[in-house]
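In what follows, a structure is listed as structure tokens, so that the remarks can point back to it.
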Amino acid sequence: MDVQKIGIFLKELRKQNNMTQEQLGERLGVTNKTVSRWETGSYLPPIECLKLLSDMYQISINEILTGQRLNESEYKEASEENISFALEKIKTEEKRFENKLIIIMCITTALAIAIMFLLPNAKALTTTEKVKEIGVIICVWGMAIISNSLNLVARVSRNESFYNTKKRR
């Protein structure tokens, strides 16, 4: 996917419709700087804006992502490329999300262990202090378990929502 080509195409479409970047931005609910970034190929419009641009310019999202108007035979080929690109991007984002969860789980586990080692020596403690120390240990372990469980639930629910979306299509 050629972001520069897409940007040039978006600029041509805007000019063909006699709009300034500011006017287009107002219609889409974005700033003229955002439109400029799309047109210079700094980044792609989000899916909501792609849909609005598609409706506004009476072209398909596939044509926008290809950066040109397409005939029927080109349309199929471009669709495959655009779908492959989108799936690869989703896969990359999913991997990044999983890595963040793993880092959070490691940090919470390390914190729980560090807190336990920072507790005073149990031999020099009174019974009340020992009970408090046990309470602290239970709370720290509980925090680590809850935090790691929430991370796992977030990961599973994210995967489920992705796969449920795929099944509906």
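FYI, it's all coordinate maths here, none of it is from the lab. Because the structure is predicted, anything quoted here is derived from the model rather than measured. Don't worry about glycine lacking a Cβ; one is built from the backbone with ideal geometry, like all the others, and counts go over all protein chains shown.
General observations
- Placing unit charges on the Cβ atoms only, positive for Lys and Arg and negative for Asp and Glu, gives the chain a dipole magnitude near 520 debye about its Cα centre.
- Converting phi to 3J(HN,Hα) with the Karplus coefficients 6.51, -1.76 and 1.60 and the offset θ = phi - 60°, segment 84-97 yields 4, 4, 4, 5, 5, 5, 4, 4, 5, 5, 5, 5, 4, 4 Hz in sequence order, with x at every glycine or proline.
- Between 0 and 90 degrees, the angle of helix 127-168 with respect to the longest Cα principal axis of the chain falls at about 20 degrees.
- The chain, helix-only ellipticity at 222 nm - DSSP H runs n ≥ 4, -39,500 (n - 2.57), divided by all residues, nearest 500: -27500 deg cm²/dmol
- Subset of Lys51/Lys100; Lys51/Lys89; Lys5/Lys89 violating a 24 Å alpha-carbon distance limit: Lys51/Lys100
- Spacing of the two label points (7 Å from each Cα toward its C-beta) at Glu129 and Ser42, in nm: 6.0 nm
- Helix 47-57 axis, angle to the chain major axis (alpha carbon atoms, nearest 10°): 10 degrees
- Surrounding net charge for Glu63, when Lys and Arg each add one and Asp and Glu each subtract one, Cβ distance under 10 Å: 0
- Toward the positive end of the charge dipole of the chain, with +1 on the Cβ of Lys and Arg and -1 on the Cβ of Asp and Glu, the farthest Cα among Ile8, Leu44, Gln21 is that of Leu44.
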